[in-house]
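Everything on this sheet refers to the single structure shown next.
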2 protein chains.
Amino acid sequence: MSTHKPAKPARPSGRRPGPSGTRDAILSAARRRFAEAGYRRTALRAIAADAGVDQKLIAHYFGTKQQLFVTAIGLPIDPTAVLPAVLRDATEAQVAERLAWGVAQLLGDPQLHERLVAALRATASEPEIARAMREFFPGEVLAAVQDQLGPGDGALRLNLFGSQLVGILMGRDVIGVEPLASLPPDQVARAIAPTLARYLVGDLN
Amino acid sequence: MSTHKPAKPARPSGRRPGPSGTRDAILSAARRRFAEAGYRRTALRAIAADAGVDQKLIAHYFGTKQQLFVTAIGLPIDPTAVLPAVLRDATEAQVAERLAWGVAQLLGDPQLHERLVAALRATASEPEIARAMREFFPGEVLAAVQDQLGPGDGALRLNLFGSQLVGILMGRDVIGVEPLASLPPDQVARAIAPTLARYLVGDLN
């Protein structure tokens, strides 16, 4: 499963990163702008101005606007990279198998886990973060996987998929309900994988 | 679907309620005590003392400790009353049918909806509320339906069931992601009912 860790952002150019202060300034400005204006209405130009850097440095450190958002908002994985690979040339059962593996990796990584919970708490308590999240997901993620989803409304399929993942993280990590919270990641992943696969490519009715 | 609205609590005796000030004082004391000490360690005696009322009044207005908790915490339905009826003498497909109906009622009621969202926000942001929720659900709800659940760990089945419901409410009402947030309740309910039924009585692996 491809990940975007904030400590090692995508650097298409392969050059060494500049001082970490510059990177942190961009992230701070991005979090503030995304929180204030949401994903869609935030311009990289404005983030660059707030951070006092050339806009090219944003691409250098973070890649695209969506990659910057994923890093700034605290999402540990980039669903636009992971989901197409999960769905490629696969039956519903195969999608479930791949998801059982991928979700187990996700739930088993303590660092990813922490960042997901932080993102969830922010989403639940900050309406502006919730707005940024709801603008990001239908658009960017859907564009990446639209042709690989099952029939009907692809955005709804992604919503349902996200709802089960969010619910598991709420139960395990925010509420901490037992036995779910202590269940080994692979067992949680196996239990929810058929649901996730159905939402993406199966029968919704 | 049986409901517990805060404005009309269960009154086993059928007598008229006393002044609403008394009822509100009990609810305030209960919310504070449950938040401070969690569900298990909160005594009705202490709530009565905080509210300055006789403990018998709590039973009069709210019924049992768990009914008081359900009302105080903002849960609009009592799962210990609803779930046994959903599961009674039913196949997995029948459970799914009943859940599709019941969840549609739940999602379609604007008052229930508001209270669920408030409970969710509180759970996400208040660790003490999260603790009360996680103590309440495994115990009281499991005791009510244990014999009707599928094989294996019944508490885990309820956790998974709750995770999908919580995720849907997060997506629809807290995050507000489209098209999920605007989808008619019966369509949402039909999409998730097979998942909910599987978690309660079906195959988890």
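The values are calculated or read from the model by the stated rules, or taken from the named source; none is laboratory data. Owing to the predicted nature of the structure, the values given are computational and were not obtained by experimental measurement. As a convention, Cβ positions derive from the backbone with ideal geometry for all residues, glycine included, and neighbour counts pool all protein chains shown. The accessibility values were calculated without ligands, DNA or RNA, using every heavy atom of the protein model including side chains. Shrake-Rupley method; radii C 1.70, N 1.55, O 1.52, S 1.80 Å.
So which of B:Glu135, B:Glu97, B:Glu140 ends up being facing chain A (nearest Cβ under 10 Å) and open to solvent by 20 Å² or more (accessible area, probe 1.4 Å)? Talk me through it step by step, then tell me what you get.
Numbers: B:Glu97 fails: facing chain A (nearest Cβ under 10 Å); B:Glu140 fails: facing chain A (nearest Cβ under 10 Å).
The match here is B:Glu135.
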If I ask for residues that are buried (at least 22 other Cβ atoms within 10 Å of the Cβ) and either farther than 24 Å from B:Ala90 by Cα or within 9 Å of another protein chain (Cβ to nearest Cβ) (or both), which ones from segment B:192-205 would you list?
B:Ile192, B:Pro194, B:Thr195, B:Arg198, B:Tyr199
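Name every residue in segment A:167-191 that is facing chain B (nearest Cβ under 7 Å), assigned to a helix (DSSP H, G or I) and open to solvent by less than 30 Å² (accessible area, probe 1.4 Å), in order of residue number.
Here is the first cut: in segment A:167-191, the ones facing chain B (nearest Cβ under 7 Å) are A:167-168, A:170-171, A:174-180, A:183, A:190-191.
Subsequent filtering for residues that are assigned to a helix (DSSP H, G or I) retains A:167-168, A:170-171, A:174-175, A:180, A:190-191.
Within segment A:167-191, A:Gly167, A:Ile168, A:Met170, A:Gly171, A:Val174, A:Ile175, A:Leu180, A:Ala191 qualify.
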Counting only residues that are at the interface with another protein chain (Cβ under 7 Å from one of its Cβ atoms) and open to solvent by 30 Å² or more (accessible area, probe 1.4 Å), how many does segment B:145-164 have?
1
Across segment A:169-191, what is the number of residues that are at pLDDT 95 or above and under 18 Å from the mean Cα position of the chain (by Cα)?
1
Give the residue that is nearest to A:Leu183 (Cα to Cα), with candidates limited to residues of segment A:66-117 that are polar (S, T, N, Q) and assigned to a helix (DSSP H, G or I).
A:Gln105
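Taking segment B:137-151 as the search range and keeping residues that are touching a helix residue (DSSP H, G or I) at 6+ places or on another chain (Cβ under 6 Å) and closer than 19 Å to A:Ser182 by Cα, which one is modelled with the lowest pLDDT? Working first, answer last.
Step one: list which residues in segment B:137-151 are touching a helix residue (DSSP H, G or I) at 6+ places or on another chain (Cβ under 6 Å), which gives B:138, B:140-142, B:144-146, B:148-150.
Keeping just the survivors that are closer than 19 Å to A:Ser182 by Cα gives B:138, B:142.
Numbers: B:Pro138: 67, B:Leu142: 91.
Result: B:Pro138.
With the requirement that a residue be on the phi > 0 side of the Ramachandran plot and open to solvent by 60 Å² or more (accessible area, probe 1.4 Å), what does segment B:30-58 give you? Give the steps one after another, and end with the answer.
So in segment B:30-58, the residues on the phi > 0 side of the Ramachandran plot come out as B:38, B:52.
Hit for segment B:30-58 is B:Gly52, nothing else.
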Does at least one position in segment B:152-172 carry a residue that is in contact (Cβ under 8 Å) with a residue 60 or more places away in the chain, within 27 Å of A:Glu135 (Cβ to Cβ) and of a type outside the set (A, V, I, L, M)?
yes
Does at least one position in segment A:115-131 carry a residue that is surrounded by fewer than 17 Cβ atoms within 10 Å (Cβ to Cβ), within 13 Å of chain B (Cβ to nearest Cβ) and over 18 Å from A:Phe69 (Cβ atoms)?
yes
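State the number of residues belonging to segment B:152-183 that are touching a helix residue (DSSP H, G or I) at 6+ places or on another chain (Cβ under 8 Å), of a type outside the set (Asp, Glu) and within 17 Å of A:Ala155 (Cβ to Cβ). Give the derivation first.
Residues of segment B:152-183 touching a helix residue (DSSP H, G or I) at 6+ places or on another chain (Cβ under 8 Å): B:154-181, B:183.
Now drop any that are not of a type outside the set (Asp, Glu), which leaves B:154-172, B:174-177, B:179-181, B:183.
Narrowing further to those that are within 17 Å of A:Ala155 (Cβ to Cβ): B:167-168, B:170-172, B:175-177, B:179-181, B:183.
Looking only at that region, the number is 12.
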